[in-house]
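Sending over a structure as structure tokens; questions will come in a sec.
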Amino acid sequence: MTIYSGPVFEMAAQQFNVIADHLAIPLDQRDRLLLPKRSVTISCPIHRDDGTLAVFEGYRVQHHLTLGPTKGGTRFAASVDIGEVAALAVWMSWKCAVMNLPYGGAKGGVCVDPHALSKHELEGLSRRYMQEMIPFVGPHTDVMAPDMGTDEQVMAWFMDTYSMYQGRTVTEIVTGKPVSAGGTLGRREATGRGVAHLAHRVMRDLAIEPSGATAVVQGFGNVGSVAASELHAIGVKVIAVSDHTGALCRKEGLDIPALIAHVGKHGSLAGYSNELACDPKDILTMPCDVLVPAAVERVIDATVANSLRCRVLAEGANGPTTPEADLVLQRRANEIVVIPDIICNAGGVVVSYFEWVQDLQQFFWDEEEVMRRQYQILNRAFSEMAARAKKDGVYNRTAAMAIGVERVRAAKNTRGLFP
Ligand code: GLU
């Protein structure tokens, strides 16, 4: 038992143990790699618009600081608890390591339904969260970013709050900021672009022509909507999408630019069309070439995995597939190619790294350079995973995580134990 115990942390621990067994890591060395270095829980009081006070619980977990500062998003969602945040921090560590970024993993979150807050209340909560975090974060200690329920505007408030306390502008404290406030070109699109880029690469390997292909995207936030739009742009028919309000399906393909415009105006897919509405539960198991889960963790369990009818599973979300589902997908490896989350959605943190580097140097790149370097890193990591999977005769997730865990372990071993 740890304070992180719960279904999501159990899942991260179970996945880690599979890798630790594969790498024959002695039992006594495992906790040093798995357990978060430190975490903090805070209370964030805010003024509601109706004059009452409300208090929201927030967290930040830093998994390891062996390779540099920790890095990871901040999630505003009603499901957030410290176990989920810790699991997400652990996944960020393997993700940063497999991408060869000089970071450990972190994650933060506030247990709140952001849709239930006005813009003014959201600003109050964002600023209070960052203010409470000041002793705990820093540009060389822990660098935040967006995640579910937070966006560029929230990052701008985080950066402003931190900067006001320092008495100078510290853009490098947070990534995923608007370009007008020290953000980089290409960060907002980075995660979705990376998902579509890698899905396209696997489609090429499988000789699937984009113009005759179909995709299903679960989640229509920053990751899902951009992935859908990129797939649509290369000619793939996106036949189903969903968000927290429902799902839309159309065999002939949905008009993705129109959906994005609708969400931009109304905040969700709700109200777009009654005729196209379908059951969100059914979309994961619809026949398609590319399935992109880009919402929450643990949506593909063993039952869903047995029923999947896609050729490529491109994991835009963090942790969408349970360890039990992994056992099924390992058996179905000839039918379905899995692009594991820590590779598939890593475009976000890769471009966050570019943003941090540009902020530190105060030297900014054009979007072409951001994209070229992003794809270069994603392609290299994907190739390393594929080569490792072949060499060890293992499943893609095992190969990707093994590379990440090995890199963190090597750094810990060469640095040694202090004191
Ligand atoms: N929240 C994103 C993730 O899960 C991005 C993290 C970052 O850019 O630091 O990868």
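Quick one: would you say residue 343 is surrounded by 16 or more Cβ atoms within 10 Å (Cβ to Cβ), assigned to a helix (DSSP H, G or I) and within 14 Å of the ligand (Cβ to nearest atom)?
On the way: surrounded by 16 or more Cβ atoms within 10 Å (Cβ to Cβ): yes; assigned to a helix (DSSP H, G or I): yes; within 14 Å of the ligand (Cβ to nearest atom): yes.
Criteria met by residue 343.
Moving on. Go through (1) at pLDDT 95 or above; (2) farther than 30 Å from residue 374 by Cα; (3) over 21 Å from the mean Cα position of the chain (by Cα) one by one and return the number of the condition residue 1 breaks.
The failed condition is (1).
Determine if the range 39-61 includes at least one residue that is more than 17 Å from the chain's Cα centre (by Cα), part of a strand (DSSP E or B) and basic (Lys, Arg).
no
Related question: Go through 319, 404 for me and flag whichever is within 14 Å of the ligand (Cβ to nearest atom), part of a loop (DSSP other than H, G, I, E, B) and crowded, with 20+ Cβ neighbours inside 10 Å.
Numbers: 404 fails: part of a loop (DSSP other than H, G, I, E, B).
Step by step, each of 319, 404 is checked, and only 319 is within 14 Å of the ligand (Cβ to nearest atom), part of a loop (DSSP other than H, G, I, E, B) and crowded, with 20+ Cβ neighbours inside 10 Å.
Still on this structure, I have one more. Please determine, by comparing only the residues of the range 1-37 that are of a type in the set (Lys, Arg) and in a helix (DSSP H, G or I), which one is most open to solvent (accessible area, probe 1.4 Å).
Filtering the range 1-37 for residues of a type in the set (Lys, Arg) gives 30, 32, 37.
Those still in the list that are in a helix (DSSP H, G or I) too: 30, 32.
Numbers: 30: 29, 32: 94 Å².
If we take residues in the range 1-37 being of a type in the set (Lys, Arg) and in a helix (DSSP H, G or I), then 32 is most open to solvent (accessible area, probe 1.4 Å).
A further question on this structure: Write out, first by first residue and then by second, each pair whose Cβ atoms fall under 6 Å of each other, whose residues are 6+ apart or on separate chains, and whose first residue, in the range 352-365, is among the hydroxyl-bearing types (Ser, Thr, Tyr) while the second is outside any loop (DSSP other than H, G, I, E, B) and within 14 Å of the ligand (Cβ to nearest atom).
From the range 352-365, the pairs are 352/145.
For the range 153-162: of the residues being within 16 Å of residue 359 (Cβ to Cβ) and free of Cβ contacts under 8 Å to residues at least 60 places away in the same chain, which is least open to solvent (accessible area, probe 1.4 Å)? Write out each step before concluding.
Quick first cut of the range 153-162, residues within 16 Å of residue 359 (Cβ to Cβ) only: 155-156, 158-160, 162.
Going one step further and asking which of them are free of Cβ contacts under 8 Å to residues at least 60 places away in the same chain, we end up with 155-156, 159-160, 162.
Numbers: 155: 0, 156: 20, 159: 19, 160: 57, 162: 19 Å².
Top of the filtered list is 155.
Mind listing just one residue for me: the one in the range 178-191 that is open to solvent by less than 80 Å² (accessible area, probe 1.4 Å) and within 12 Å of the ligand (Cβ to nearest atom) and, of those, farthest from residue 230 (Cα to Cα)?
Across the range 178-191, the extreme among qualifying residues is 183.
Looking only at the range 296-316, count how many residues are within 21 Å of the chain's Cα centre (by Cα), surrounded by fewer than 22 Cβ atoms within 10 Å (Cβ to Cβ) and touching a residue at least 40 places away in the same chain (Cβ under 8 Å).
Looking only at that region, the number is 3.
Taking helices (runs of 4 or more DSSP H) that fall entirely within the range 210-312, which contain at least 1 residues that are within 23 Å of residue 335 (Cβ to Cβ)?
Details: elements: 222-233, 256-266, 302-307.
The qualifying helices (runs of 4 or more DSSP H) are 222-233, 302-307.
Here is a list: 171, 175, 150, 141. Which entry is open to solvent by 10 Å² or more (accessible area, probe 1.4 Å), within 13 Å of the ligand (Cβ to nearest atom) and among the β-branched types (Val, Ile, Thr)?
Numbers: 171 fails: within 13 Å of the ligand (Cβ to nearest atom); 175 fails: open to solvent by 10 Å² or more (accessible area, probe 1.4 Å); 141 fails: within 13 Å of the ligand (Cβ to nearest atom).
Just a single option satisfies the conditions, and that option is 150.
Moving on. Restricted to the range 346-369, and to residues that are touching a Leu at 6+ places or on another chain (Cβ under 8 Å) and part of a helix (DSSP H, G or I), which residue is nearest to the ligand (Cβ to nearest atom)?
My answer is 349.
Please enumerate the residues belonging to the range 194-215 that are under 18 Å from the mean Cα position of the chain (by Cα) and surrounded by 23 or more Cβ atoms within 10 Å (Cβ to Cβ).
194, 195, 196, 198, 199
Considering (1) farther than 16 Å from residue 345 by Cα; (2) open to solvent by less than 60 Å² (accessible area, probe 1.4 Å), say which one residue 397 fails and leave the rest.
Exception for residue 397: condition (1).
Moving to a separate point now. Among the candidates 25, 19, 42, single out the residue that is at pLDDT 95 or above, more than 14 Å from the ligand (Cβ to nearest atom) and within 25 Å of residue 128 (Cβ to Cβ). Before you say what the answer is, go through the steps one by one.
On the way: 25 fails: within 25 Å of residue 128 (Cβ to Cβ); 19 fails: within 25 Å of residue 128 (Cβ to Cβ).
Result of the check over 25, 19, 42: 42.
While we're here: Across the range 58-93, which residue is surrounded by the most Cβ atoms within 10 Å (Cβ to Cβ) among those that are charged (D, E, K, R) and near the ligand (Cβ under 10 Å from one of its atoms)?
The first filter runs over the range 58-93 and keeps only residues charged (D, E, K, R), leaving 60, 71, 75, 81, 84.
Next, only the ones that are near the ligand (Cβ under 10 Å from one of its atoms) stay: 71, 75.
Working: 71: 29, 75: 25.
Going through the qualifying residues, I end up with 71.
Sticking with this structure for a sec: Please go through the range 256-267 and pick out each residue that is without any contact (Cβ under 8 Å) to a residue 40 or more places away in the chain and surrounded by 14 or more Cβ atoms within 10 Å (Cβ to Cβ).
Hits for the range 256-267 are 256, 259, 260, 262.
Restricting attention to the range 107-137, which residues are more than 21 Å from residue 78 (Cβ to Cβ) and either crowded, with 18+ Cβ neighbours inside 10 Å or not hydrophobic (A, V, I, L, M, F, W, C) (or both)? Quick ask: steps written out before the conclusion?
Taking the range 107-137 and keeping what is more than 21 Å from residue 78 (Cβ to Cβ), we get 131, 134-137.
Matches in the range 107-137: 131, 135, 137.
The values are calculated or read from the model by the stated rules, or taken from the named source; none is laboratory data. Please read all numbers here as calculations on a predicted model, not as lab measurements. No Cβ is skipped: glycine too gets one built from the backbone with ideal geometry, and neighbour counts run over all protein chains shown. What goes into the accessible areas is simple: the full protein's heavy atoms, side chains included, and nothing from ligands, DNA or RNA. Shrake-Rupley method; radii C 1.70, N 1.55, O 1.52, S 1.80 Å.
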